[in-house]
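Peer 1: Quick one: the structure is below, and I'll ask about it shortly.
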């Protein structure tokens, strides 16, 4: 998967600037629409990569070491999403993500403990399938003074009290995040080995050499813990997905955003596919994915093996439209899936504007598999209205 | 009929334009002084509030630890372990650019700022936040400041911070919209990352404070409780506005003093108005008599006179407002400089013209004028139909009233004195008392003039013969005019004398104090100006450097002091931690407490407090004072109160070892170095400088240099007072001029008779001049007791209530003699024109009407 602030070191920084500019509100207003949003494509288009490490050729992955940070690359993220249920059957989705952004390839030596070479951004969201209410949060901190950072072993990343820890004995992960009335504390145990995406973990994002990332996924993690919402504490269980990616790359000319699908099917298979969208509405052929069998074996999916149709759209108050239901076909794998968001409004409207939501999968086609998953949609808020009007209802 | 009245009044004033002009000028000057002082005060205050606002932002509370700061660990704990979201770290200090411009350096964490200082619209003007965070010395200034400094984004800027030369890099400017009305004063702000600010200000490891958003809601109160419980010793949670107000209050006494002085100028102006209106009435007594005869009612006449006063005062006030706005621009510079010298760094870039001040000036001008016109209006009311209000009758009435006026004066003076002696009364009441005493003197003036003239008649006769005696008697016979003129002049000169004596006493006291409190040969300070509430402890002189200085061959002994701000339940206090030997101790003189016992207690951990603090906090020997140390709030015994004129805020003094135990801060802010007699101090200064460190900005000065510099600052501080005093004299001078002109013009006929009986123009000129001289002399002589009384009140009561200092009242004969000379001189100059005019009177012209 490609996550958000995929490039320019100023991406989250620029974001912080906007926060500063957002005077008046004691905290960034989560529902202000465009004012707080950055044109992601613009942010990701030009990038000063000078001096940073690049993902040029496949490398050897070592675990749990690679769960920790990879300094030298400009961007790195830990992306955990999951679908959970309470014993009473109440359906929830959650997202906890940490982004590390290196500010400079060669930080000067400085006396102050506040001097930072990296900044961190974290997003935390919980969606309640029963009420359809979405609770997103965003935080920034410098990677200094213990305010945010990565450490280990045992490996952990944190931003203030939000934390993702690797538990070496169980080889599991503990995810904790809270803000006000919403809190999450779950442990996710991988049921399959890490899947190296792309070519042995080297995932190209464009045609230029080095415009690629190192990318692995833990596609299915048995998850158990507690979720706090609206003054109640729920015992929850379900499945999580973790994407890990580090790179010094950017969206190429002509790319405007991406749609990312991470689906966990009832038959034990997991499907990941990212579709890089171009300004003209077409799919960049470099888009790719993977299909992981129940036994953990995986094979790469190319863009011509996967067909996606939007079947329903949802429009935010200010007119920005996202697809929220799809037909997803992988004929070679015998999959014909109906994917639909469990709540339409799962849009983050903080510094970055994007849609990241829990979805249900209903089986179509021959076998009728069901499942759950997460979908990420970026680059929709920045396309101007005319371009959107020109888009055909089906891609 | 009212149209007729208006025309009559208009014609009168068009025929006497001088009279009208002087009246308008008097009101204008009085109003101008009041308005300009108000503007200067308001501008300084709003600049201060804006600078507080821009650094406090929306924070409701602050976590502070005095100038030793808040350990940065505290912030991590709040943010990470306690999950406190609405908290922002701040490192504050001062940076001086190579060109000498002073910037307030504000070190912030951009990721924690959004809730606090929203004005920092960093978005604009190409700021590279990556550079802001990672480059050492990266700062952001306003676009205007960058223009002034001649730097662009990416340029280097040489500056001094924490006493060391530094190279800064301008990585961005505030967005243009940030310089709008919501955030004035950004031009003196320099923004940097917390890390950069810590490095520049040499305060790595600590924060100046942590801003907190904890509004008065159940959640906010709960947050405050949680935070307060988690703070280490010496660190406290305080309300943000209370802190700003404390600092604003520091200058309150200073501002009130200026305001009161400006009101004195207005008071002189009121005399002038009274005089002018009265004269305008008396001059037209025949006209009023005729008007009464043709059916004009008393009410109409009174309305006419008050209407005239209203028009004159409105014109004067409007003119005064304009003049005041202009004067205010000059005064604001003087006021700001004084605040900078006495209190904290403050830059006033805009003179605000608050509508309130202008309205107030207008109301004062018009109100005082109408009040002053009440008496003449009453005079006109008593005019009988057909008959003129007889001049002689008026005079005899004045003489009949004289005992009552004098009794009133005595009563007012006594009331004023009682007000001044009232224990525990505030500064405002003290000024009321002062005004009452001065007015009392003014009311006593006519009686005193009568008595003085009785005494002076033989003398005048001796000097000028018959003409002299005539002149002296003339002053008494025209008492209704001369009394007021002399009183106005007396008031103005008394203000001059009073202010002069007060400044002299103050200066003398400070000079004496400096002479014994600077016993060492050289004084070395770490070069950072004390800057009031924002003062960081600042980098000091390391113990090792102190040892090196002490070991220099030409050094007999070294004493040292550490100056820091510490928190206390009373707000931040200045703490001086002294390491003193016997010689150093002789520099202290005790206002309360016995020296030997006090020093013994001092060595055992008691503290001394300086007089201003003792006065303000009501502390005396044996009392206790609480200070926040690293181990929590500790209570200290006050062993004595020392005289100290260095700071209006006052200070707590503690033994050095004790301080280092409690605050764990081994540095020194200043050293005093004793050399053997005959040592080459210049050479020694160089050696001291070298042994402390070549890259440090040190100020090494001899005791004489410090003394001279202190007195220079002192004189600069009182410059604004001097200007106000001068303005009062100008107002009074205009008053005397108009009174004398009126008086002499009124006596046209009398003087015509004298000319007709053979007085030559030269003799007449001498007569008039002798008369004005006598009036000036009377005013001068009477101003001596009034001025001394005023000086006494200012030194003993007002200064004490404002600042808490004990000053020795010094009355110099020179000041008194110059008062008499000033009065006589002013009167003679003011009398020149009327004397000239009178001497040119043709007797036939003057007598034609008879």
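Peer 1: Are there helices (runs of 4 or more DSSP H) fully within region B:191-270 with at least 2 residues that are modelled with pLDDT under 70 and within 30 Å of residue B:37 (Cα to Cα)? List them.
Peer 2: B:240-250
Peer 1: Also, quick follow-up: Out of A:231, A:210, A:180, A:198, I need the residue that is on the phi > 0 side of the Ramachandran plot and touching a strand residue (DSSP E or B) at 6+ places or on another chain (Cβ under 7 Å). Which one? Full working, then the answer.
Peer 2: On the way: A:231 fails: touching a strand residue (DSSP E or B) at 6+ places or on another chain (Cβ under 7 Å); A:210 fails: touching a strand residue (DSSP E or B) at 6+ places or on another chain (Cβ under 7 Å); A:180 fails: touching a strand residue (DSSP E or B) at 6+ places or on another chain (Cβ under 7 Å).
Residue meeting the stated conditions: A:198.
Peer 1: On the basis of being at pLDDT 80 or above, buried (at least 24 other Cβ atoms within 10 Å of the Cβ) and within 14 Å of another protein chain (Cβ to nearest Cβ), does residue B:59 make the cut? Explain how you work it out, then say what you get.
Peer 2: Numbers: at pLDDT 80 or above: no; buried (at least 24 other Cβ atoms within 10 Å of the Cβ): yes; within 14 Å of another protein chain (Cβ to nearest Cβ): yes.
Considered against the rule, which asks whether it is at pLDDT 80 or above, buried (at least 24 other Cβ atoms within 10 Å of the Cβ) and within 14 Å of another protein chain (Cβ to nearest Cβ), residue B:59 comes out as no.
Peer 1: Please determine, by comparing only the residues of region A:295-306 that are in contact (Cβ under 8 Å) with a residue 24 or more places away in the chain and in contact with a strand residue (DSSP E or B) (Cβ under 7 Å, 6 or more places away or on another chain), which one is farthest from residue A:355 (Cα to Cα).
Peer 2: Filtering region A:295-306 for residues that are in contact (Cβ under 8 Å) with a residue 24 or more places away in the chain and in contact with a strand residue (DSSP E or B) (Cβ under 7 Å, 6 or more places away or on another chain), the one farthest from residue A:355 (Cα to Cα) comes out as A:298.
Peer 1: Looking only at region B:82-92, filter to residues that are within 14 Å of chain A (Cβ to nearest Cβ), surrounded by fewer than 24 Cβ atoms within 10 Å (Cβ to Cβ) and in contact (Cβ under 8 Å) with a residue 60 or more places away in the chain; which one of those is farthest from residue A:183 (Cα to Cα)? Give the derivation first.
Peer 2: Within region B:82-92, the first condition is being within 14 Å of chain A (Cβ to nearest Cβ), and the residues that meet it are B:82-91.
Filter once more, so that each one left must be surrounded by fewer than 24 Cβ atoms within 10 Å (Cβ to Cβ): B:82-86.
Going one step further and asking which of them are in contact (Cβ under 8 Å) with a residue 60 or more places away in the chain, we end up with B:82, B:84, B:86.
Numbers: B:82: 15, B:84: 15, B:86: 18 Å.
Residue satisfying both the conditions and the ranking: B:86.
Peer 1: Is it the case that some residue within region A:69-85 is buried (at least 24 other Cβ atoms within 10 Å of the Cβ), within 26 Å of residue A:215 (Cα to Cα) and within 14 Å of chain B (Cβ to nearest Cβ)?
Peer 2: So far as region A:69-85 goes, yes, one or more of its residues are buried (at least 24 other Cβ atoms within 10 Å of the Cβ), within 26 Å of residue A:215 (Cα to Cα) and within 14 Å of chain B (Cβ to nearest Cβ).
Peer 1: Next question. Return yes when residue B:483 is at pLDDT below 85 and buried (at least 19 other Cβ atoms within 10 Å of the Cβ) and no when it is not.
Peer 2: Working: at pLDDT below 85: yes; buried (at least 19 other Cβ atoms within 10 Å of the Cβ): yes.
For residue B:483, the condition - at pLDDT below 85 and buried (at least 19 other Cβ atoms within 10 Å of the Cβ) - is met.
Let's see how each residue does on (1) touching a strand residue (DSSP E or B) at 6+ places or on another chain (Cβ under 6 Å); (2) surrounded by fewer than 17 Cβ atoms within 10 Å (Cβ to Cβ):
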{"site": "B:666", "(1), (2)": "no, yes"}
{"site": "B:674", "(1), (2)": "yes, no"}
{"site": "B:680", "(1), (2)": "no, yes"}
{"site": "B:683", "(1), (2)": "no, yes"}
{"site": "B:691", "(1), (2)": "no, no"}
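Peer 1: Which members of region A:280-306 meet the condition of being more than 19 Å from residue A:204 (Cα to Cα) and surrounded by fewer than 16 Cβ atoms within 10 Å (Cβ to Cβ)?
Peer 2: Matches in region A:280-306: A:280, A:281, A:293, A:294, A:295, A:297.
Peer 1: Check off (1) within 14 Å of chain A (Cβ to nearest Cβ); (2) modelled with pLDDT of 85 or more; (3) farther than 30 Å from residue A:106 by Cα for residue B:119 and give me the number that stays unchecked.
Peer 2: (2)
Peer 1: Among the candidates B:64, B:27, B:35, B:68, which residue alone is surrounded by fewer than 24 Cβ atoms within 10 Å (Cβ to Cβ) and either touching a helix residue (DSSP H, G or I) at 6+ places or on another chain (Cβ under 7 Å) or at pLDDT 75 or above (or both)?
Peer 2: Values: B:64 fails: surrounded by fewer than 24 Cβ atoms within 10 Å (Cβ to Cβ); B:27 fails: surrounded by fewer than 24 Cβ atoms within 10 Å (Cβ to Cβ); B:35 fails: surrounded by fewer than 24 Cβ atoms within 10 Å (Cβ to Cβ).
Within the list B:64, B:27, B:35, B:68, the selection yields B:68.
Peer 1: Can residue B:143 be described as within 35 Å of the chain's Cα centre (by Cα) and buried (at least 17 other Cβ atoms within 10 Å of the Cβ)?
Peer 2: Numbers: within 35 Å of the chain's Cα centre (by Cα): yes; buried (at least 17 other Cβ atoms within 10 Å of the Cβ): yes.
Yes, satisfied.
Peer 1: Among the residues of region B:125-152, what is the count of those that are over 12 Å from residue B:187 (Cβ atoms), more than 14 Å from chain A (Cβ to nearest Cβ) and touching a helix residue (DSSP H, G or I) at 6+ places or on another chain (Cβ under 8 Å)? Walk me through how you get there before you give the answer.
Peer 2: Quick first cut of region B:125-152, residues over 12 Å from residue B:187 (Cβ atoms) only: B:125-140, B:150-152.
Applying the additional criterion that residues be more than 14 Å from chain A (Cβ to nearest Cβ) yields B:139, B:150-152.
Cutting the leftovers down to touching a helix residue (DSSP H, G or I) at 6+ places or on another chain (Cβ under 8 Å) gives us B:139, B:152.
The qualifying residues number 2.
Peer 1: Can you name the condition, by its number, that residue B:178 falls short on among (1) in contact with a helix residue (DSSP H, G or I) (Cβ under 7 Å, 6 or more places away or on another chain); (2) within 12 Å of another protein chain (Cβ to nearest Cβ); (3) at pLDDT 85 or above; (4) part of a helix (DSSP H, G or I)?
Peer 2: Checking residue B:178 against (1) in contact with a helix residue (DSSP H, G or I) (Cβ under 7 Å, 6 or more places away or on another chain); (2) within 12 Å of another protein chain (Cβ to nearest Cβ); (3) at pLDDT 85 or above; (4) part of a helix (DSSP H, G or I), the one that fails is (3).
Peer 1: Okay, moving on. If you take the residues of region A:169-198 that are assigned to a loop (DSSP other than H, G, I, E, B) and either more than 26 Å from residue A:55 (Cβ to Cβ) or free of Cβ contacts under 8 Å to residues at least 40 places away in the same chain (or both), which of them is nearest to the other protein chains (Cβ to nearest Cβ)? Before you say what the answer is, go through the steps one by one.
Peer 2: At the first step, the residues of region A:169-198 found to be assigned to a loop (DSSP other than H, G, I, E, B) are A:169-171, A:180-181, A:191-194, A:197-198.
Still in the list and also either more than 26 Å from residue A:55 (Cβ to Cβ) or free of Cβ contacts under 8 Å to residues at least 40 places away in the same chain (or both): A:169-170, A:180-181, A:191.
Numbers: A:169: 25, A:170: 25, A:180: 9, A:181: 12, A:191: 32 Å.
Step by step, filter region A:169-198, then rank; the result is A:180.
Peer 1: While we're on this one: Kindly list the number of the only condition in (1) touching a residue at least 24 places away in the same chain (Cβ under 8 Å); (2) touching a helix residue (DSSP H, G or I) at 6+ places or on another chain (Cβ under 7 Å) that fails for residue A:148.
Peer 2: So the condition that residue A:148 fails would be (2).
Peer 1: Go through (1) within 14 Å of another protein chain (Cβ to nearest Cβ); (2) surrounded by 22 or more Cβ atoms within 10 Å (Cβ to Cβ) and name the single condition residue B:95 misses.
Peer 2: Among (1) within 14 Å of another protein chain (Cβ to nearest Cβ); (2) surrounded by 22 or more Cβ atoms within 10 Å (Cβ to Cβ), residue B:95 violates only (1).
Peer 1: Another question about this same structure. Looking at region A:209-229, can you tell me whether even one residue there is buried (at least 24 other Cβ atoms within 10 Å of the Cβ) and assigned to a loop (DSSP other than H, G, I, E, B)?
Peer 2: no
Peer 1: Give me a count of the residues in region B:307-330 that are surrounded by fewer than 19 Cβ atoms within 10 Å (Cβ to Cβ), closer than 20 Å to residue B:378 by Cα and touching a residue at least 24 places away in the same chain (Cβ under 8 Å).
Peer 2: 2
Peer 1: Which of the numbered conditions does residue B:520 fail, given that it passes all the others? Conditions: (1) over 22 Å from the mean Cα position of the chain (by Cα); (2) farther than 21 Å from residue B:610 by Cβ; (3) buried (at least 21 other Cβ atoms within 10 Å of the Cβ); (4) modelled with pLDDT of 80 or more.
Peer 2: The number of the failed condition is (2).
Peer 1: Could we say that residue B:79 is within 11 Å of chain A (Cβ to nearest Cβ), at pLDDT 85 or above and not in a loop (DSSP other than H, G, I, E, B) here?
Peer 2: Details: within 11 Å of chain A (Cβ to nearest Cβ): yes; at pLDDT 85 or above: yes; not in a loop (DSSP other than H, G, I, E, B): yes.
Judged against the criteria, residue B:79 is a match.
The values are calculated or read from the model by the stated rules, or taken from the named source; none is laboratory data. Just so it is clear, the model here is predicted, and its values are computed rather than measured. In this analysis, Cβ positions are derived from the backbone assuming ideal geometry, glycine residues included, and neighbour counts consider all displayed protein chains.
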